[in-house]
Amino acid sequence: MTLPLVTTIESVVFSAADIALAIQRMAEEIARDYAGREIVLLGVLKGAVFVTADLARALDSIPGGPSRIELDFLGVSSYGNASRSSGEVRLVQDTSHSIEGKHVLVVEDIVDNGLTLRYLRMLLGGRAPASLAAAVLLDKPYNRRVEVPVEYVGMVCPDEFVVGYGLDYQERYRTLPYVAKLRAEVFDA
Ligand code: IMP
């Protein structure tokens with residue numbers, strides 16, 4: 001039987017207000033570092049769709065920030081349908097425009113073992129951008145399999161599998177406005 005979504009949530013880890021504040025802080029740092037420059041915010045589908053949209057609008061509302069914000073997306077698949085990473089990262093959808101000569105900021109929902117971001121940095125770094133950096137809403141630094149630089153971090157996440165605000169478990173929960181921990185029964189089902 002499929003349980004109603006809300007009854008499967010054990011606790012809220014980051015509220016919508018926590019997320020908004022973290023994004024505002026990241027936007028202020030990014031606005032300062034990219035003042036007067038044209039940037040490409042490159043969201044990683046599907047998890048980073050909300051953080052990319054909210055970060056773009058927060059950045060746009062800061063006077064003296066980037067002179068132009070271009071939005072683009074690419075898609076990778078790493079987790080499949082499990083709550084454990086397979087360690088395999090695949091590009092499933094490429095950017096719609098070339099990033100050559102552009103200041104690129106990759107936007108990710110969460111960094112855990114680091115393999116996804118390392119893959120993206122290698123892939124995109126090979127395309128001759130003017131600069132490349134990463135902004136990640138949630139950092140889970142406990143299980144890194146590779147060291148990878150993350151220039152902008154929203155919040156440090158507890159060592160739990162979390163869902164909401166773009167993050168899914170088996171393609172569910174992405175649309176929750178907060179980040180939550182699921183009840184153990186969900187994984188046993
Ligand atoms: P990494 O390759 O382990 O660093 O993980 C990056 C990707 O794994 C993220 O973009 C997510 O799609 C997924 N991921 C990692 N941790 C979680 C989690 O707690 N909940 C949902 N997805 C996660």
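The values are calculated or read from the model by the stated rules, or taken from the named source; none is laboratory data. Remember, it's a predicted structure, so these values are computed and weren't measured experimentally. Cβ placement follows ideal geometry from the backbone for every residue including glycine, while neighbour counts extend to all protein chains displayed.
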query = Given the structure, is I99 closer than 12 Å to L42 by Cα and either away from the ligand (no atom under 16 Å from the Cβ) or touching a Gly at 6+ places or on another chain (Cβ under 9 Å) (or both)?
reply = yes
ask   = Taking only pairs six or more apart or across chains, which ones have beta-carbon atoms under 8 Å, a first residue in region 41-60 that is over 17 Å from V179 (Cβ atoms), and a second residue that is near the ligand (Cβ under 10 Å from one of its atoms)?
value = L45/V76
Filter pass, D159 being acidic (D, E) and assigned to a strand (DSSP E or B) = no
query = (1) loosely packed, with under 15 Cβ neighbours inside 10 Å; (2) within 19 Å of L117 (Cβ to Cβ); (3) modelled with pLDDT of 95 or more: which one isn't true of T175, the others all being true?
reply = (2)
task = Identify, from the list V153, V104, the residue that is farther than 22 Å from F14 by Cα, surrounded by 12 or more Cβ atoms within 10 Å (Cβ to Cβ) and more than 10 Å from the ligand (Cβ to nearest atom).
result = V104
ask   = So which of R127, R145 ends up being within 11 Å of the ligand (Cβ to nearest atom), assigned to a loop (DSSP other than H, G, I, E, B) and basic (K, R)?
value = R145
